[in-house]
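Beneath this line is the structure, given in structure tokens, with notes to follow.
All of the numbers you see were taken from the coordinates with simple rules; none came from a lab. Keep in mind it's a predicted model, so treat the numbers as computed, not measured. We place every Cβ from the backbone using ideal geometry, glycine too, and count neighbours over all the protein chains shown.
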Ligand SMILES: NC(=O)c1ccc[n+]([C@@H]2O[C@H](COP(=O)([O-])OP(=O)(O)OC[C@H]3O[C@@H](n4cnc5c(N)ncnc54)[C@H](O)[C@@H]3O)[C@@H](O)[C@H]2O)c1
């Protein structure tokens, strides 16, 4: 299954950092007849989930290097997100990031110049009901992946070793909750996670930092605010409200609905990740945000307006009438806000969309991809929603 490139890489231990250089190299040194192709790759872990699949699709559409995509395909992973990708550009491997033998083999055979780790258990409500899976994947899984990556990186030499990067994708939730007038989280803000999900991500961030400090592994960590956009599993706030609104079901709002979240379109997040990978300084962490703080009530009201405009209900009833208060989540963080001036200043990042624009595009995407949502809303998903929220409604949780 694997292309044998080991012999060639022994001769050509060069590193191509971007697509332009890649094309330039290919033009200067066309392949000899019969010679195996030397292909730089990146390895994406968890690339069948919401953000990971957006990242992979954009990466490949930009003509960047081929991707080896390792994903366990939990309930949140979906291979159809990646359907149609050419096999010479995208290699999907079904497996667990905690499987050190598998990751070591993939690294040795594909020799990626970077590993980008999206793989995680990500839903806060699930972490409250069953934290163990979160520790298993987010903490132990990250540890095993880091160990395999460290061994691989130690075996690299020269420019290849110099250029290698491990990028840990994390969340603003590791910083805990802000008061209404507190300044936004900066990279130096102390970690104060409040849910098992956030605690497990914090542990993964600390491990990543430790591998940088102790072993010199060139790590990068990003802490991003709430994402929304195509391919988001409908247990999270935005797609659930869209689907419930379309079906005329209740739109449940936790507590008073005045919890504040900062929102970023997933495409803006992915661009920030590419910048971090290419220009980020090893050992650094970068906060990524959208500068779009909204209460949950504001978000749901905006979604209702968009749905009424783009897909009016058959009976003409405004979607707002479907909003219902439900008991608040235990330990619910009141406010997240992210100061992303470091990545703006150092790497030139700025979000391209306002929340209103991005949300409109997202509603349009879900309207145009009904078969995708029908497919992912499986029996197991329905069982979870029933247990967590009761039979009356299909959930109204937050992003994670
Ligand atoms: N969604 C957000 O708003 C948000 C914001 C900031 C940071 N993040 C972080 O970004 C990353 C991706 O989030 P998402 O929303 O795309 O998550 P998701 O739940 O949609 O996808 C997670 C993916 O990881 C895979 N996976 C889970 N356990 C695995 C394992 N042990 N080995 C290999 N693959 C495994 C799943 O199959 C799935 O494809 C997570 O680390 C999350 O903490 C998410």
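Worth pointing out:
- The packing ranking, built from the mean of other Cβ atoms within 10 Å per residue, places the peptides 55-63, 345-353, 199-207 in the order 199-207, 55-63, 345-353, highest first.
- Given R0 = 41 Å, the distance between the Cβ atoms of residue 135 and residue 309 translates into a calculated FRET efficiency of 0.40.
- Taking every C-alpha pair closer than 8 Å and separated by at least 6 residues, the mean separation divided by the residue count of segment 38-389 gives a relative contact order of 17 percent.
- Summary of the geometry: segment 143-174 and segment 45-102, compared by the centres of their Cα atoms, lie 18 Å apart.
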